[in-house]
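The values are calculated or read from the model by the stated rules, or taken from the named source; none is laboratory data. Here the structure is a predicted model, which is why all the values come from computation and not from measurement. Quick reminder, even Gly has a Cβ in these numbers, built from the backbone with ideal geometry, and neighbours come from all protein chains shown.
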Amino acid sequence: MILVTGATGTVGREVVRGLPEGLRVRAMSGNPAKAAGMLPGAQPVAGDFADPQSLARALEGVHAAFLVTTRADVDDDARFLSAAHKAGVRRVVKLSAAAVLDPRADDLITRWQRAGEDQLRACGMRWTLLRPRAFMSNSLSWAASVRSERTVRALYGTSPNACVDPRDIAEVAVRALTEEGHAGHAYTLTGPQALTAVDQTHELARLLGIPLRFEGLTPDETRAALNGRYPPPVVEALLASAERQRAGAKAHVEDTVRTLTGRPARTFSQWAQDHIGAFTPAPDQHPCPEAPWRPSASRPSCSSSASRGTPR
């Protein structure tokens, strides 16, 4: 039995879908009904990292697990690894982040990821670490403003990031869960080239066949947008991450996806083409008239739900 935590998340659901037929797969999430509808063929199970009994139920009979944790202010990694060890799990593949390798990265999120990696290496089970750059799917945060205003807004639009398709991360995870030879390895995963938000805007415009505008956000505007969604320490960590990206820390490209899968990493163009429907305006949708953008409630907008890009 293979357990996938975060099974309805961006990478987790692709891991479940990519596991070979014939394997028993258990999909752990906070909403097992959603998992059942999204992931037919997997056994849905409710799981809460703060509830040892739910973890014990989810881990019963499991020999390998894919671990995704998302809360930087609690020790979910330690809780899961303790329960997994007690349940007799033999192999754990953890989703981490490429930033752990950057000596300049000392923000809350990176420190939390480093601590989780340390706990995994010391857990007594066979382990594999996946360290991706930003997900290409983060661009979906622009979908509403592209549809309604034909505009992308982001911080530091000319800073490059070697972003990666979540499906490539999932394919590597599936191999690490099902093949021998991956124990004790840490894999840095990137796309085939470093792109800026401006580059991505141009590519979306080309695929949509419509002009798109890019509008840069200031750090203060970005902070104001993020403060409604994340605790202040997380907001500051995201802003620190954006500053490192601006300095070029996220531009390096690795060929790990090709090495492990035998094919090149997917390009942003491939990802965008497969998700272009999310960005496509309705046939009767007309863009807002050209107007200067201002970070205030009176900003001209076709939609009150217009998306603001966040640092990745």
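Structure data summary
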quantity	calculated
Among (1) within 19 Å of the chain's Cα centre (by Cα); (2) over 30 Å from residue 220 (Cβ atoms), the one test that residue 123 misses	(1)
Hey, residue 259 of a type in the set (Val, Ile, Thr), at pLDDT 95 or above and loosely packed, with under 13 Cβ neighbours inside 10 Å or not	yes
Where a residue in the range 148-173 is free of Cβ contacts under 8 Å to residues at least 60 places away in the same chain and its partner, wherever it lies, is outside any helix (DSSP H, G or I) and buried (at least 24 other Cβ atoms within 10 Å of the Cβ), with Cβ under 9 Å and at least six apart	157/309
Output for the range 96-107, where each listed residue is under 17 Å from residue 233 (Cβ atoms) and under 17 Å from the mean Cα position of the chain (by Cα)	97, 99
Any hit, the range 194-205, residues being in a helix (DSSP H, G or I), buried (at least 19 other Cβ atoms within 10 Å of the Cβ) and either small (Gly, Ala, Ser) or touching a Cys at 6+ places or on another chain (Cβ under 7 Å) (or both)	yes
Every residue from the range 171-196 that is touching a Phe, Trp or Tyr at 6+ places or on another chain (Cβ under 7 Å) and within 30 Å of residue 281 (Cα to Cα)	191, 195
Residue check, residue 171 surrounded by fewer than 23 Cβ atoms within 10 Å (Cβ to Cβ) and over 30 Å from residue 279 (Cβ atoms)	no
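Conditions tested, residue by residue: (1) surrounded by 19 or more Cβ atoms within 10 Å (Cβ to Cβ); (2) out of contact with any helix residue (DSSP H, G or I) (no Cβ under 6 Å at 6 or more places or on another chain); (3) part of a strand (DSSP E or B); (4) acidic (Asp, Glu).
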position	(1), (2), (3), (4)
114	no, no, no, no
148	yes, yes, no, no
154	yes, no, yes, no
159	yes, no, no, no
